[in-house]
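Shown next, in structure tokens, is the structure this report addresses.
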Amino acid sequence: MSEASDPTLSPPITASAPETVPENGVEPVEQPATSDPLPGIAPLSADRLPPNFRKHVDPAAPVAIRGMAAKGLVPLSPSDMCHCLAMLANDPDPNIAASARKTAASLPDKILSAGLRDEAQNPRVLDFFGAALTGKDGALEYIVLNNAAHDLTVARIVEATSSTRIIEIVAGNQLRLLREEQVLRALLANPSASRAIIDTTCDFAVRSGLVLSDIPAMVEAHVRIHGAPPAPPEAPEALEAQANTAKALIEEFGAILSDQEAGGEPLEDGKRLNLTQRVAQMNVSEKVKLATLGNKEARTILLREPNKLVQLAVINSPRLTDAEVLNLAQSKTTSDDVMRVIMNSREWTRQHQIKLALVKNPKVPMAMAMRFMATLRDAEVRELAKNKNVPSGVRMHAKKMGEKKGPHGS
């Protein structure tokens, strides 16, 4: 995963209504100019599609070629179909764009289920369908359940839905609530949210350190938990809390915690200790935001945190690199929760070195290790059979695999 901008820095929700077309045909609908709904996320690219299908989204291709794809007449997988329609929805030809939007809004559930639940799906595709499928709660559930969905996409869905099921799903995703304030605000403002959901969510948010004095339910939760309303912004305790936010730390420590490189110079021991101490003083909410905003230095410190949500924020950070994931897959000290995310990620387990590292790690359940071993090269299986540093079960299974294939892997 490449490092990208953080959703917590995004502007307020500015969703526009999806385009509509008349029942008897396709007419272009002129869209009002809007700001980028997902700032920091790279534009959609045809590279995701199989090479022989990329012509269908190429603005230079004949209208008939693009028109077929816009009507869903091209034999693509569900995930690729969704990606293709999301690209064509912005086609320079307004008729093709309108056709793509109409097709997206009427796709059968079989395609939406597979295409929108795919955790390798592009966040921009999920954001497009989040608007195109407004009112279709069953399909929107696939999006809010998908970890690949951008937090702002989920906030817009929660803001507009009347589905108690969607509200319950989002309320149960504690990581999203702490990572993006707009998700929490949208949920608390939704009239379909039950009082029980609101109280439980506010209690969790307050215990995690969030202070939203402009929301009555949050103030009530603060009184329930701390016995008093939150301190005024100018109070000493409020000022101290403001100094320990993720943004404040990044501003103070500059390149050490930002996307910029620190000139290749090692961090001085005294400054590293000070940074570690400052991070320790942050509440859970700010640690989650730092895991998303900060760089590798911040993530390394936060991975030592015992709180499960902080660790999950690190492993789900959009800035996490493949090299960091490989190191975590190799480490015997990686927490079970983080290891579980890596094992269940189709994106990461497609990488051969990560799969091999997981096979060798004693924290990986034997059934999962055996599944990964089936995809290893013969030479790697033979090496595992002799390696005394891997779990005995892995070694024995590797020997059996070798015996079945024969001495030369035939």
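The values are calculated or read from the model by the stated rules, or taken from the named source; none is laboratory data. All values reported here derive from a predicted model rather than from experimental measurement. Every residue, glycine among them, receives a Cβ derived from its backbone with ideal geometry; neighbour counts consider all protein chains shown.
Listed by first and then second residue, the pairs with beta-carbon distance under 7 Å, at least 6 apart or on different chains, first residue in the range 241-255 and more than 15 Å from Lys289 (Cβ to Cβ), second modelled with pLDDT under 75 and buried (at least 18 other Cβ atoms within 10 Å of the Cβ), form an empty list.
Does Glu159 meet the test of being surrounded by fewer than 17 Cβ atoms within 10 Å (Cβ to Cβ) and closer than 26 Å to Ala246 by Cβ?
The answer is yes for Glu159.
Taking the listed residues Ala104, Ala100, Ala114, Ala86, the one that is in a helix (DSSP H, G or I), free of Cβ contacts under 8 Å to residues at least 60 places away in the same chain and surrounded by fewer than 17 Cβ atoms within 10 Å (Cβ to Cβ) is Ala114, with no other qualifying. Taking the range 135-216 and the helices (runs of 4 or more DSSP H) fully enclosed by it, the elements with 1 or more residues that are not assigned by TED's automatic domain parsing to the domain that holds Ala105 are at 195-207.
Residue by residue, here is whether (1) at pLDDT 95 or above; (2) under 20 Å from Asp151 (Cα atoms); (3) of a type outside the set (Phe, Trp, Tyr) holds:
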residue	(1), (2), (3)
Arg176	yes, yes, yes
Leu184	yes, yes, yes
Leu210	no, yes, yes
Pro216	yes, no, yes
Ala243	no, no, yes
Ala246	no, yes, yes
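Residue pairs whose Cβ atoms lie under 8 Å apart, separated by 6 or more positions or on different chains, with the first residue in the range 37-54 and farther than 12 Å from His83 by Cα and the second assigned to a helix (DSSP H, G or I) and of a type in the set (A, V, I, L, M, F, W, C), are Pro37/Leu152; Leu38/Leu152; Pro39/Leu9; Gly40/Leu9.
Of the helices (runs of 4 or more DSSP H) entirely within the range 291-410, those holding at least 1 residues that are in contact with a Lys or Arg (Cβ under 7 Å, 6 or more places away or on another chain) and not aromatic (Phe, Trp, Tyr) occupy 296-302, 308-315, 322-330, 336-343, 346-349, 378-386, 392-405.
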